[in-house]
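Some notes on the structure that comes next.
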Amino acid sequence: MKKHLNKVAVMSFILMVSLLFFVSCATSTDSRSLTGVWTSKSDDTSSRFSFTSDGFYAYEEFSEDGLTFLDFGRYEAQVPEEDSESEEEPILSITLDSYSTEYTWDGNNLVIDLWGNMTVFTRSSKIARNNSNRSNLLGVWSFDGGTIGFTTGGFAIAMTRSGDLGSYSVEAADAENGLPSILIDEQRIPFIIINSRLFMDDSGFAGTWNKISLNRETKTGEDQTSRDVLVNASPWHLTDVSSGTSHYIYSFSSGGGYTMEHYTDYDDSKSNSSGTFRYDNHHITLSDDSDLAYAIIDLKPFMFSI
């Protein structure tokens, strides 16, 4: 009986040491990893770095008015040595795409030389997952310039200042293309998804021709567009994306007729028109007005003049 108890005690001790060793190693490795989301704040600006474990990053700068600068891509960084006995934190190098700079590390703060400015970041989250694939792209995304939707059937639509729509596919990152890309007709849009935020280098589809960040609204990508919804959900109240002061109210009948009323908020001018319409594959062809793009994705309506 005593031998059995001693054996149990020894096994328990070994198990406890093993667990302590595992926890210690996990904690040490995690504490020295750049993976996660890091933030820095000053009086009137703030910035945020997101680093994924597989070598992608996003860097954002904000003012009181919103996003002022965005960059994203691949990164490589020296990792601090776990058993360093130096009293001074070593100066390490980090490469953000083609931009190389230095950073120091004390386990809690990350100090990066950004274009000559030493900026102190603290970790706000240890999680920064690279979710850059087609299934995670599905759904509706929004930013300050409008809303974009991607369906399971390969249809994409952007209700922005210019408005666009087309078929899309997703191309994975490779040695030639450092980032994955969304291919919309003949447009190539490099992108990454970190956690639940989409970063795109817009080639015109969103009407910005800049790098933009979008927040997720839905994640299913179900295309619910139909002529019946178009008719039964009438009237449709459309407002211009730019200033929000021009209004267009469209009504569609089951017999193929439509009416449109237009008014603005800044004067008393009004106009109207009517005619017939045809619906085919996300297009509404009007007899007497500009045609319309139209889609319902995850219950989110898209409609604008094309």
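The values are calculated or read from the model by the stated rules, or taken from the named source; none is laboratory data. These numbers were taken from a predicted model, which means no experiment stands behind them. Positions of Cβ are backbone-derived with ideal geometry, glycine not excepted, and every protein chain shown enters the neighbour counts. Accessible surface areas use protein heavy atoms only, side chains included; no ligands, DNA or RNA. Shrake-Rupley method; radii C 1.70, N 1.55, O 1.52, S 1.80 Å.
Overview of values
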| quantity | calculated |
| --- | --- |
| Zone residues, the range 124-148, relative to residue 245, backbone N less than 20 Å from point 7 Å out along Cα-to-Cβ | 145-146 |
| Listed residues 121, 199, 51, most fluctuating in the chain (Gaussian network, C-alpha, under 10 Å) | 121 |
| Structure-derived Cα extents along the principal axes in Å: which label, when the choices are (i) 65, 46, 35; (ii) 92, 60, 38; (iii) 70, 53, 34 | (ii) |
| For the chain: relative contact order, % (alpha-carbon pairs under 8 angstrom, 6 or more apart) | 11 |
| Rounded accessible area per residue of the range 180-249, 1.4 Å, Å² | 47 |
| FRET efficiency, residue 46 to residue 101 (Cβ-Cβ, R0 25 Å, nearest 0.05) | 0.80 |
| Residue-averaged [θ]222 nm for the chain, counting only DSSP H segments that reach four residues, each worth -39500 (n - 2.57) | -4000 deg cm²/dmol |
| Relative contact order of the range 154-250, pairs being alpha-carbon contacts under 8 Å that are 6 or more residues apart, as % | 18 |
| Charge tally in the Cβ shell below 13 Å around residue 160, where Lys, Arg are +1 and Asp, Glu are -1, residue 160 excluded | -3 |
| Whole-number D in µm²/s for the range 191-292 (Stokes-Einstein; Kirkwood sum over Cα pairs; 20 °C, 1.002 mPa s) | 131 |
| In the chain, lysine pairs closer than 30 Å at Cα, eight or more apart or cross-chain | 8 |
| Inverse of mean 1/r across different Cα pairs in the range 129-261, Kirkwood, Å | 16.1 |
| With every protein chain in place, the chain: carbon and sulfur % of accessible area (1.4 Å) | 50 |
| Long-range Cα-Cα pairs in the range 81-198 (distance over 19 Å), rounded percent | 62 |
| Choice from 226, 42, 53 with maximal GNM fluctuation in the chain (Cα, 10 Å cutoff) | 42 |
| Pairwise FRET efficiency - residue 54 versus residue 237, Cβ, R0 = 51 Å, nearest 0.05 | 0.70 |
